[in-house]
Amino acid sequence: MISLLAIEEVSLSIGETPILHDISLSLAPGRVLAIVGESGSGKSMTALSAMRLLPHGSHLSGSIEFDGYQLANADEDTMMALRGNDIGMIFQEPMTALNPVHTIGDQISEGIMLHMGTSRADATTHAEQMLERVGLPASRYPLSRYPHQLSGGQRQRVMIAMACALSPKLLIADEPTTALDVTLQAQILALLRHLVDDTGMGLVLISHDLAVVADMADDIVVMKDGHIVDQGSTLDVLRNISHPYTRQLAEASSHRPERQKPPIITHERESAAETPLLSVKEVVRDYPTARKSLFAPSEPFRAVDHVSFNLYPYQSLGLVGESGCGKSTLARMVLGLDAPTAGQITLSGTDLASASPQAMQDVRRQVQVVFQDPYASFNPRHRVERLVAEPLYLEAGLNDAERRDRVAQALEEVGLSADAMQKYPHEFSGGQRQRLAIARALITRPALIVADEPVSALDVSIRAKVLDLFAQLRDRLGIAYLFISHDLGVVRAICDEVLVMQSGRLVERGPVDQVFDAPQSQAARDLVKATPDLKRALASRIKKLEQTHG
């Protein structure tokens, strides 16, 4: 089989630190190679070595041959000609890769004009065709839109259109679906597989989740600590798992955690049964839209449609649904960042819509938030002591020493030492930064934490530790959680009950195991079906091979 990309005995060091150790792998045209491993395994650095997008102070040895070019010692002019034209790359977070001040049409057209020398009109036509191909027709998604006007899944489709606009021979996709809900993840992966089959390009798919890649990858490379520890065809690697680390990844990718949820302390729940901590009653949120004509009235868009539920102390309530269903809008209203158009939200008996500024200050002490990306929510120029202490400025009368003691206590509660106070966010790993975010949320001793996709960007093993931390804090401190996630395995592991949203409405609710094992609504069935499952993916792969070979 002719190789499109052949990496042989590649080693990489940055300064005195070794990163990659004798990496060898190959990819043929029309095939998908998955590189799987946890954070720090070297999978992204392997891809960046092929792209020659390495940091200063890097030393690369070995051979990287692509379509007749030796990339290991290629000059920058050669690489600039190859990047985009023959080698495309899709990054994990499209919002950081797309320019927020340029329209999506301009950003796709720019590369076409640069590499193909076409006119702007021809480049625009080609950009429209590519967006149509990835499911974003210009009739519904004009090229004049900016990235912030699109959902996460739509922005990722724009990135795919941009990467594939010049028909590259090799496409590298680095965790392209990590932050997407399971239905969008399934759509994006199916789109990538279709592009491979349709164009004959080679695809390198980087992921930390074996279940995500098992159904579409032809071959798998498993990496750990800069070494390749397992590799071969998908069937050979996964049907008879021999390496302990591959088995560990497979178990973590099962999305059926064996971890037992800590027992819920019920007597407090019973004593407070008549007084829910959070009460959401018939909440509606409308947003204005543009007029269709000069004299036509504006028709509002309804993001949340008559939603009602209660949340009690010690309870973990999951909120799931595909992108655009309204769950983040609902969370903003619970946090008091957005006002309902109709309905009522009360926290500890306080109506958020009519509360005085003084009462809202008390509400903000009682409810805190943990975001999906802690690094984006931290000011990188401030030390941990100041970052974690930020919510304490809602409390008058604390002096510097008292504030410092509270920070040290919060850090200890999430498993970090007081020494961390003098460090900056970039000095911590992803899992540690998420612990810092939890410490900041805990410091006011809130009654409720809204956790918005708090573990979606973390590796499976780190994810388990953070979920354990959430559960321990719930039972020790009596905190209630509104846990928003697209990962049903995460919700199953941490939540007691789950709400399923679709098009702004609650379409199903109940105990987690009951809803996920026997979903009643079509929305819940679609989410369960789209959730990656290693055994199901492997069975599907075997069936496809049997059909192909008769």
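Only protein heavy atoms count here; on that basis, with a 1.4 Å probe, Ile241 has an accessible area of about 50 Å². Here the spin labels are modelled as points 7 Å beyond Cα on the Cα-Cβ line, and at Ile2 and Gln520 they lie 5.9 nm apart. Looking at the square roots a ≥ b ≥ c of the eigenvalues of the Cα gyration tensor of the chain, which shape do they give, rounded for a/c under 1.5, prolate if a/b is larger than b/c, or oblate? Prolate is the answer for the chain, as a/c is 1.5 or above and a/b outweighs b/c. The lysines within cross-link reach of Lys169, meaning a Cα-to-Cα straight distance under 25 Å and a gap of 8 or more places when in the same chain, are Lys43, Lys544.
At 222 nm, what value in deg cm²/dmol follows for the chain if DSSP H runs of at least 4 each add -39500 (n - 2.57) and the sum is divided by all its residues, to the nearest 500?
Estimated from H runs of four or more residues: -11000 deg cm²/dmol.
From the phi angles alone, apply the Karplus equation (6.51, -1.76, 1.60; θ = phi - 60°) to region 156-170 and give each ³J(HN,Hα) in whole Hz, x where the residue is Gly or Pro. Whole-Hz 3J(HN,Hα) from phi for region 156-170: 5, 5, 4, 4, 5, 4, 5, 5, 9, 4, 9, 6, x, 7, 10.
Once the Cβ-Cβ distance of His306 and Asp362 is raised to the sixth power relative to R0 = 30 Å, the FRET efficiency obtained is 0.60.
Scanning residues 5 or more positions from Ala217 or on other chains, none has an amide H under 5 Å from its amide H, with H placed 1.01 Å from N in the peptide plane.
Between Glu508 and Val500, the built amide H atoms are under 5 Å apart, and every one of these is 5 or more places off in sequence or on another chain. How charged is the neighbourhood of Pro137? Take every other residue with its Cβ under 13 Å from the Cβ of Pro137, and add Lys/Arg as +1 and Asp/Glu as -1. Residues near Pro137 contribute +2 overall. Note on Asn73 and Asp198: with the Förster distance fixed at 45 Å, the Cβ-Cβ geometry gives a FRET efficiency of about 0.85.
With a simple spin-label model that places each label point 7 Å from the Cα along the Cα-to-Cβ direction, the separation between Glu395 and Arg247 comes to 4.8 nm. Please give the residues of region 424-451, grouped as numeric ranges, whose backbone N is less than 11 Å from a label point set 7 Å along the Cα-to-Cβ vector of Arg383. In region 424-451, the label zone of Arg383 (backbone N under 11 Å from the point 7 Å along Cα→Cβ) covers 424.
In the context of the full protein assembly, Val363 retains an accessible surface of approximately 0 Å², using a probe radius of 1.4 Å and ignoring ligands and nucleic acids.
So, R0 is 51 Å and r is the distance between the beta-carbons of Thr96 and Phe295; what FRET efficiency does that work out to, to 0.05?
About 0.75, to the nearest 0.05.
Residues whose amide H lies under 5 Å from that of Ser316, counting only those 5 or more places away or on a different chain, are Tyr481, Asp496, Glu497; hydrogens are built 1.01 Å from N in the peptide plane.
Using only side-chain charges placed at the Cβ, +1 for Lys and Arg and -1 for Asp and Glu, the dipole size of region 74-152 relative to its Cα centre rounds to 420 debye. To the nearest ten degrees, helix 430-442 and the longest principal axis of the Cα atoms of the chain are 10 degrees apart.
My understanding is that a pair violates if its Cα-Cα distance is over 27 Å; which of Lys327/Lys423; Lys281/Lys529; Lys327/Lys529; Lys224/Lys529; Lys327/Lys543 do that in this structure? From Lys327/Lys423; Lys281/Lys529; Lys327/Lys529; Lys224/Lys529; Lys327/Lys543, over 27 Å: Lys327/Lys423; Lys281/Lys529; Lys224/Lys529; Lys327/Lys543. Taking the charge dipole of region 328-386 about its Cα centre, with +1 at Lys and Arg Cβ atoms and -1 at Asp and Glu Cβ atoms, the residue from Pro374, Ser354, Gly336 reaching farthest to the positive side is Pro374. Once you reduce region 209-254 and region 79-136 to the center of their Cα atoms, the two points are 33 Å from each other.
Between Asp236 and His426, the modelled label-to-label distance comes to 4.2 nm, taking each label 7 Å out from Cα in the direction of the beta carbon. Computed over protein heavy atoms with a 1.4 Å probe, the carbon and sulfur contribution to the accessible area of the chain reaches 50%.
The values are calculated or read from the model by the stated rules, or taken from the named source; none is laboratory data. Being a predicted model, the structure only gives us computed values, none of them experimental. Because the Cβ atoms are built from the backbone with ideal geometry, glycine has one as well, and the counts that use them run over all protein chains shown. We work out accessible area using only protein heavy atoms, side chains counted, and drop any ligands, DNA or RNA first. Shrake-Rupley method; radii C 1.70, N 1.55, O 1.52, S 1.80 Å.
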